[in-house]
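The values are calculated or read from the model by the stated rules, or taken from the named source; none is laboratory data. Being a predicted model, the structure only gives us computed values, none of them experimental. Note: ideal-geometry Cβ built from the backbone for every residue, glycine included; neighbour counts use all protein chains shown.
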Amino acid sequence: MSKISVKDLNLHYGSFHALKNINLDICEREVTALIGPSGCGKSTFIRSLNRMNDLIDGVKIDGEMFLEDQDIYQPDVDVVSLRRRVGMVFQSPNPFRKSIYENVAYGPRRYGIKSRNQLDEIIERSLREAALWEEVKDRLKSSALGLSGGQQQRLCIARALAMEPEVLLMDEPTSALDPIATSRIEELIDQLKKEYTIVIVTHSMQQAARISDKTVFFLMGEVIEADDTQVIFTSPRDQRTEDYVTGRFG
C-alpha cells in the first residue's frame, strides 16, 4: 500500500533542472533506499517529501505529491503540520545544546504539551524506540553533547519520533559514524519499519542491500529504476543501474 505517491514531479533551482519528471510510489511500513552518484538528486528529492526545499530561494516545483490522499503541495497545506507527520534525520548528528531530556521534549513543548508526566512518557517512549533509553535513563539531565556520535544520532532519531510522525526521512544518517554505530542504526531502522514508513538516502550499496525493501536509483535528476531491492541488485532492467550497483561508475 502506497504511503506517498509522486506524480510528474519537477524541481528547478533557478534555471537548473534538479528533478525531472519523477513518478514514484513509496510503500507504507517499508524501507525505501535512494541510491545514485553525488549530485544526482537524492537529497533534493527526500527534502521535497516534507517541503524543506521551500526554504531555499529560487526553487520552483511542479507536479503532485500525495501523502495518503493529501497533495502536500497544495497552497492550503499547513507545512508545520506536514513536517510533524514527516520527520527528518540529517547526515550529521545535530543535537541541541541542551540536556538529553530537553532535546527530546523540544518538539512536544513547541506543540503545547506542558504536563511533566506527559512529557516524561513521551521522552521514555521515544528513547526506547530509538534504542537509547537503557544507555541514558540515568543521565537525562546531562548535556546531549556528551554522548558519542552514534548515541547523538539515535537521540536525533528519538527527537523526530517524539513528534509521532508517520514517515521518517533519513539523509545519509550513518555517513559520519563508525562501523559499530552504523550497525546499531541499521538494526534500529529494521525495528522502526514495523511502525513507520522510512525513506533513506545512502551512498553505500551494501547498506541499501542490507536494510531496504525497495531501492530507487537516481541519475542526473531522474529515476532510472525503482524496484524490490533484491531485483535492483541482482537483475536490474536498465544497464545504467547494473553499471552503478556493480561499481562500474559512481
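Some observations on this one:
- Selection over segment 63-110 of residues that are of a type in the set (Lys, Arg), in contact (Cβ under 8 Å) with a residue 12 or more places away in the chain and surrounded by fewer than 14 Cβ atoms within 10 Å (Cβ to Cβ) gives a count of 1.
- Residue in segment 119-140 that is among the acidic types (Asp, Glu), crowded, with 18+ Cβ neighbours inside 10 Å, closer than 30 Å to HIS203 by Cβ and touching a residue at least 12 places away in the same chain (Cβ under 8 Å) present: yes
- Residues that are over 14 Å from LEU24 (Cβ atoms) and buried (at least 20 other Cβ atoms within 10 Å of the Cβ), drawn from segment 189-200: ILE189, LEU192, TYR196, ILE198, ILE200
- Qualifying residue in segment 131-143 (condition: out of contact with any Leu (no Cβ under 9 Å at 6 or more places or on another chain), modelled with pLDDT of 95 or more and not charged (D, E, K, R)): yes
- Flag for LEU177 being hydrophobic (A, V, I, L, M, F, W, C), modelled with pLDDT under 95 and under 19 Å from the mean Cα position of the chain (by Cα): yes
- Some residue of segment 31-54 being farther than 22 Å from ASP78 by Cβ, crowded, with 21+ Cβ neighbours inside 10 Å, at pLDDT 95 or above and among the charged types (D, E, K, R): yes
- Some residue of segment 154-163 being in a helix (DSSP H, G or I), of a type in the set (Lys, Arg) and more than 25 Å from ASN50 (Cα to Cα): no
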